[in-house]
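Here, each number is a calculation from the coordinates, and none is a lab measurement. None of the values given here were measured: they were computed from a predicted structure. Because the Cβ atoms are built from the backbone with ideal geometry, glycine has one as well, and the counts that use them run over all protein chains shown.
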Amino acid sequence: MTKTIIQTDLAPQAIGTYSQAVKVGQTIYLSGQIPLVPDTMQLIEGDIAAQINQVFKNLQAVAEASGGDLSNFVKLNVFLTDLANFPIVNDIMAQYFQPPYPARAAVGVAALPKGAAVEMDAIMVLDPQEYPL
């Protein structure tokens with residue numbers, strides 16, 4: 001099995017012992033992203049909508065560094081410190097994704113790194129016709 005580590009300066013750098021993403025074959029496993037601004041490594045200022053948008057921008061940057069984009073996502077996991085924000089996730093997600101949507105889970109959690117209100121991770125698969133090995 002060959003693993004390729006994905007790294008981009010357009011997304012926050014890892015703040016622990018993990019990679020931004022790992023590619024195995026045509027499958028890319030994206031690590032969790034919180035709403036850090038890549039240039040400052042600080043949480044974005046603003047409400048939950050600003051945090052959700054920043055997370056999608058971070059995931060998009062890693063997806064593009066992997067050779068694809070958000071349309072290649074097959075699974076998205078959303079972690080929220082307040083599940084009352086779930087409708088906001090749906091509204092904003094519709095701005096970044098077109099049907100068919102990826103499979104998704106939303107989980108309420110007690111806390112997230114750096115006091116974030118949202119974190120997301122994903123799995124994406126590149127079409128071998130469009131993105132040969």
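Using the Karplus curve 6.51 cos²θ - 1.76 cosθ + 1.60 with θ = phi - 60°, what ³J(HN,Hα) values do you get for each residue of the stretch 70-81, in whole Hz, with x for Gly and Pro?
These are the phi-based 3J(HN,Hα) values: 4, 5, 8, 5, 10, 8, 10, 10, 10, 10, 10, 7 Hz.
In sequence order, what are the phi-derived ³J(HN,Hα) couplings for the stretch 88-101 according to the Karplus relation 6.51 cos²θ - 1.76 cosθ + 1.60 with θ = phi - 60°, rounded to whole Hz, with x for glycine and proline?
Per residue, the Karplus-derived 3J(HN,Hα) values read 5, 4, 4, 4, 6, 4, 5, 7, 9, 10, 10, x, x, 6 Hz.
Among PHE97, LEU30, PRO12, which residue has its Cα furthest toward the positive end of the charge dipole of the chain, with +1 on Lys/Arg Cβ and -1 on Asp/Glu Cβ?
Looking along the dipole axis, the top candidate is LEU30.
Just subtract the alpha-carbon distance of THR40 and GLN13 from 0.36 nm times their residue separation and send over the number in nm, one decimal.
Between THR40 and GLN13, full extension yields 8.7 nm more.
What is the magnitude of the charge dipole of the chain about its Cα centre, with +1 placed on the Cβ of each Lys and Arg, -1 on the Cβ of each Asp and Glu, and no other charges, expressed in debye to the nearest 20?
360
Find how much the distance from LYS114 to TYR101 grows on full extension, using 0.36 nm per residue of separation minus their present alpha carbon separation; answer in nm with one decimal.
Gain on extension, LYS114 to TYR101, equals 1.8 nm.
Among THR40, ALA50, ALA122, whose Cα lies farthest out toward the positive end of the dipole of the chain, if unit charges sit on the beta carbon of Lys, Arg (+1) and Asp, Glu (-1)?
The residue sitting most towards the positive pole is ALA122.
Looking at the chain as a GNM with Cα springs under 10 Å, which of ILE28, ILE88, ILE48 has the largest mean-square fluctuation?
The residue with the greatest mean-square fluctuation here is ILE88.
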